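Accompanying notes for the structure given below.
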Amino acid sequence: MSQDTLSQVLRSVRLRGAVFYHVEGSTRWVSESPPAAEVAALIMPGVEHVMAYHVLTHGECWAAVIGDSPVALREGDVVIFPRGDPHVMSSEPGMRGTVDLTPYGLPRPEQLPFFASRQGESLSMSRLDRESERHAATLVCGFFGCDANPFNPLLASLPHLLHVPARAGADDDWIAHFIRFALSESTDKRPGGEALLERLSEAMFVELMRRYLEAMPEEQSNWFAGLRDRHVGRALALLHQRPGEAWTIDKLADYVGLSRSALHERFARFTGHAPMHYLAKWRMQVAAGLLRQSSASVASIALEVGYESEAAFSRAFRRETGLPPATWRREQTRLAERESLY
């Protein structure tokens, strides 16, 4: 049930993946990245929220959100920066680099990914050989994009840095498959490779979310933890599957087998919202998708997401987005047209 809910949310927030860089580091190397919001329009035009990710395909290195403690990465590990924080990847912990925005504005090559080299200071040849071997690392780096508004329950539930260690000896490991394909496509650049890597990176994101959920401590209280809770997971599944139904807290409580007060307390502890408030926000997310992807009237969309009155729906939608539904739809059409030019 929880996995179905996760799939529904990922589809609704329009998860997108891209692989942009094949990076090789040698000697004492460091690569520092700006906040994702500063370069989002350059790397994924039209996308509201961007998350950088790095897959270590060879060697060892360190990853850190600027100002936080670094995390050691081993071959096959993945690190994501879900909140879009400025961060640093380096051969040693505690290193800082210089942010260079030039690569983000470069014309796209005929076929992605870009190739980038990161090399440290000049050394004598004998020492250079030793240092290069000790610090050598190869990474496939890219971005996940998604909608942040009107409502994306995932983002606030993810840490600033998500480190997912490699799994040894798993033949069906999505991440291992991704590494093999990414390395092959980075060097050979065969027809269709860019589209293949986009889809594989999206599948990898789903696998990373599963592993995050599996490794989460029992005492954790966030939206992901709510998915695996027997009662909250059931409530979330019902609200996501049937957002247009005339739900009440009593009706939902009967379905999940809790008292009204117990459901309210438990649901709010995991999601940060009362059940009916969560439903109202999710309805706006569903409505946003319908406005963007269909030509249905505002009145019919209002009915589909549980509002008998178009006026009441319009007020609720404006509270969440700052715009009336029709105006928001026109703005989204304009953004999509502009994005198609890239």
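The values are calculated or read from the model by the stated rules, or taken from the named source; none is laboratory data. Please read all numbers here as calculations on a predicted model, not as lab measurements. Here Cβ is always computed from backbone atoms with ideal geometry, including for glycine, and neighbour counts include all displayed protein chains. Each accessible area value is taken on the protein alone, full model and side chains, heavy atoms only, with ligands, DNA and RNA left out. Shrake-Rupley method; radii C 1.70, N 1.55, O 1.52, S 1.80 Å.
Which cross-chain or sequence-distant (5 or more) residues have an amide H under 5 Å from the amide H of Ile66, H modelled 1.01 Å from N in plane?
For Ile66, whose amide H was placed from the backbone, the distant partners under 5 Å are His87, Val88.
With a 1.4 Å probe and every protein chain kept in, tell me what percent of the accessible surface of the chain is carbon plus sulfur. Mind showing how you got there, number by number?
Details: 8260 of 16270 Å².
That share works out to 51 percent.
Say R0 is 22 Å: what FRET efficiency, to the nearest 0.05, do Ala274 and Glu218 get from their beta-carbon distance? All intermediate terms of the calculation are to be shown ahead of the outcome.
Numbers: r = 24 Å, r/R0 = 1.08.
With a Förster radius of 22 Å, E is 0.40.
In percent, what relative contact order does the chain have, based on Cα pairs under 8 Å that are 6 or more apart in sequence?
After rounding, I find 21 percent.
Roughly what % antiparallel, to the nearest 5, for the DSSP beta bridges in the chain?
So the antiparallel bridges in the chain amount to around 85 percent.
Hey, if you put +1 on the Cβ of every Lys and Arg and -1 on every Asp and Glu Cβ in the chain, which of Gly244, Val232, Leu200 ends up farthest toward the positive end of that dipole?
Of the candidates, Gly244 comes out farthest on the positive side.
Which shape class, rounded, prolate or oblate, goes with segment 160-296 when its Cα gyration tensor gives a ≥ b ≥ c as root eigenvalues, a/c under 1.5 marks rounded, and past that a/b bigger than b/c marks prolate? Intermediate results must be reported in sequence, preceding the final value.
Values: a/c = 3.44, a/b = 1.69, b/c = 2.03.
Oblate.
Between Ser295, Ser26, Ser90, where does the largest GNM mean-square fluctuation fall for the chain, given springs only between Cα atoms within less than 10 Å?
Result: Ser295 has the largest fluctuation of those listed.
With every protein chain in place, what's the accessible area of Phe313 (1.4 Å probe, Å², nearest 10)?
0 Å²
So what is the accessible area of the chain per residue, in Å², with the probe set to 1.4 Å?
48 Å²
List, in order, the whole-Hz ³J(HN,Hα) value for each residue of segment 32-48 obtained from phi through the Karplus relation with A = 6.51, B = -1.76, C = 1.60 and θ = phi - 60°; use x for Gly and Pro.
10, 10, x, x, 4, 4, 6, 10, 4, 5, 7, 9, 9, x, x, 8, 6
Where does the chain land at 222 nm, in deg cm²/dmol rounded to the nearest 500, when only DSSP H runs of n ≥ 4 count, each adding -39500 (n - 2.57), divided by all residues? Can you show the working numbers first?
Numbers: 14 runs with 163 residues, N = 342.
Calculated at 222 nm, the ellipticity per residue is -14500 deg cm²/dmol.
So what's segment 223-336 giving for Cα Rg divided by 2.2 N^0.38 Å, two decimals?
Working it through for segment 223-336, the quotient is 1.14.
Quick one: accessible surface of Met89, probe radius 1.4 Å, all protein chains present, in square angstrom to the nearest 10.
Met89 has an accessible surface of roughly 10 Å² with all protein chains in place.
If ligands, DNA and RNA are left out, what is the accessible area of Ile66 with a 1.4 Å probe, given in Å² to the nearest 10?
50 Å²
Could you please put Trp29, Trp62 in sequence from largest to smallest accessible area, using a 1.4 Å probe? Walk me through the numbers on the way to the answer.
Numbers: Trp29 5, Trp62 75 Å².
From most exposed to least exposed: Trp62, Trp29.
List the residues, sorted by chain then number, that are 5 or more residues from His49 or on another chain and whose placed amide H is less than 5 Å from its amide H.
Close amide H contacts, sequence-distant or interchain: Cys146, Ala148.
I want to make sure I understand the PRE zone here: with the label point 7 angstrom from the Cα of Gln241 toward its beta carbon, which residues in segment 256-270 have backbone N atoms less than 15 Å away?
256-257
Which shape class applies to the chain: rounded if a/c is under 1.5, otherwise prolate when a/b exceeds b/c and oblate if not, where a ≥ b ≥ c are the square roots of the Cα gyration tensor eigenvalues? Don't skip to the end; give the middle numbers.
Working: a/c = 2.44, a/b = 1.70, b/c = 1.43.
Prolate, since a/c reaches 1.5 and a/b exceeds b/c.
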